[in-house]
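The values are calculated or read from the model by the stated rules, or taken from the named source; none is laboratory data. Keep in mind that what you see is a predicted model, and the values were worked out from it rather than measured. Because the Cβ atoms are built from the backbone with ideal geometry, glycine has one as well, and the counts that use them run over all protein chains shown.
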Amino acid sequence: MSVFFVICGPSGAGKTTLLTRVRRRFPDLVYVPSYTSRPPRNPRELKAGRYRFISKEEFERRIRQNGFLEYAVYAGNYYGTSRSEVQTLLKAGHDVIKEADVQGVRQLRRRRFGGRLVAIFILPPSLPELEHRLDKRGTESGAARRKRLAAVLDELGALDLFDYIVINRRVPESVERLSAIIRAERSFHT
């Protein structure tokens, strides 16, 4: 049975960095980008391939047609995972990896999609460190950072949804931990 790895964690925990490095180690692990109704932030984001940008109307049409395994609204924009894309990949025997939020993992736990879900939560070593990482990014206002930090406390209340928790103190060690999880889960399901 194919495995659907979902990486989750607060902004600033390092999940995108870890995911990028882990994908280099497992080139056969298929990355599935999220759909979103928000516009791209910059031209580089279009090239990065983390999102597929569609209109709000198109997103809502796909919701009505049951086109998403999971979706959420964040800051007035939709984000979601294509049902047909994931199911096609899993049915063909591919293991899949993607990012999602806690709400998405909660929805995925209730759905059948033709594979085994392995949910991994990435945490920073502490809330002050998370705040430092968000400040260092410089991409958000103080109010937005405070909102993200408050959301972390809510996310911590949902840790029972996850199969694994990785505390990202140092990127190389965390990449090793994530790689070990992927190897173990893949060997278990072959």
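Quick one: in the stretch 29-73, of everything that is β-branched (Val, Ile, Thr) and not in a strand (DSSP E or B), which residue is surrounded by the fewest Cβ atoms within 10 Å (Cβ to Cβ)? Step through it out loud before you land on a result.
Taking the stretch 29-73 as the starting set, the residues that turn out to be β-branched (Val, Ile, Thr) are 30, 32, 36, 54, 63, 73.
Imposing the further condition that a residue be not in a strand (DSSP E or B) reduces the set to 32, 54, 63.
Values: Val32: 20, Ile54: 17, Ile63: 13.
So, considering only residues that are β-branched (Val, Ile, Thr) and not in a strand (DSSP E or B), the one surrounded by the fewest Cβ atoms within 10 Å (Cβ to Cβ) is Ile63.
What are the residues in the stretch 54-76 that are in contact with a Phe, Trp or Tyr (Cβ under 9 Å, 6 or more places away or on another chain) and of a type in the set (Phe, Trp, Tyr), if any?
Phe59, Phe68, Tyr71
What number of residues within the stretch 117-142 satisfy the criterion of being under 22 Å from Gly76 (Cβ atoms) and modelled with pLDDT of 70 or more?
Within the stretch 117-142, residues that are under 22 Å from Gly76 (Cβ atoms) and modelled with pLDDT of 70 or more number 0.
Please pick out the residue among Val118, Val86 that is buried (at least 16 other Cβ atoms within 10 Å of the Cβ), assigned to a strand (DSSP E or B) and either touching a residue at least 60 places away in the same chain (Cβ under 8 Å) or within 17 Å of the chain's Cα centre (by Cα) (or both).
One residue alone meets the criteria, Val118.
Show the residue pairs that are 6+ apart or on different chains and have beta-carbon atoms under 7 Å apart, the first residue being within the stretch 91-114 and closer than 13 Å to Cys8 by Cα, the second being of a type outside the set (A, V, I, L, M) and modelled with pLDDT under 90.
Short answer, once both residue conditions are applied: Glu99/Lys15; Val102/Glu155.
Suppose we keep only residues that are among the small types (Gly, Ala, Ser) and closer than 30 Å to Glu176 by Cβ within the stretch 21-56. Which one would you say is nearest to the chain's Cα centre (by Cα)?
First pass over the stretch 21-56, keeping only residues among the small types (Gly, Ala, Ser): 34, 37, 48-49, 55.
So of that shortlist, the ones also closer than 30 Å to Glu176 by Cβ come out as 34, 48-49.
On the way: Ser34: 8, Ala48: 15, Gly49: 14 Å.
Across the stretch 21-56, the extreme among qualifying residues is Ser34.
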